[in-house]
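Undergrad: First, the structure itself, so that you have it in front of you.
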């Protein structure tokens, strides 16, 4: 588990409700753990606001997983 994993999971659970999304699958793309496209954008924007940075949302980044986000945040905030 990475340094930001718990915070990312908390944002996911706040967005889609506890138990609605399977946040235990940290390597699985967010859109495959139960987030719809609006939830996905909401999670990314909440993380951007929380950490005051921009997370790229290009077409190849539509497959962000919890692990990917954790690594991205660790690289930007360390």
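Undergrad: Check 26, 15 and return the single one that is over 14 Å from residue 72 (Cβ atoms) and over 9 Å from the mean Cα position of the chain (by Cα).
TA: 15
Undergrad: Can I ask one more? Only residues that are surrounded by fewer than 16 Cβ atoms within 10 Å (Cβ to Cβ) and either in contact with a helix residue (DSSP H, G or I) (Cβ under 6 Å, 6 or more places away or on another chain) or touching a residue at least 40 places away in the same chain (Cβ under 8 Å) (or both): list them for region 32-50, please.
TA: Correct list: 50 only.
Undergrad: Regarding residue 41, is this residue at pLDDT below 90 and either on the phi > 0 side of the Ramachandran plot or in a helix (DSSP H, G or I) (or both)?
TA: Yes; evaluated as a whole, the condition is true for this residue.
Undergrad: On to the next question. When the residues of region 44-64 are filtered to those that are over 11 Å from the mean Cα position of the chain (by Cα) and not in a loop (DSSP other than H, G, I, E, B), which remaining residue is modelled with the lowest pLDDT?
TA: Out of the qualifying residues, it is 61.
The values are calculated or read from the model by the stated rules, or taken from the named source; none is laboratory data. Please read these numbers as outputs of a predicted model, since none were measured by experiment. Counting neighbours? That spans all protein chains shown, and the Cβs are built from the backbone with ideal geometry, glycine included.
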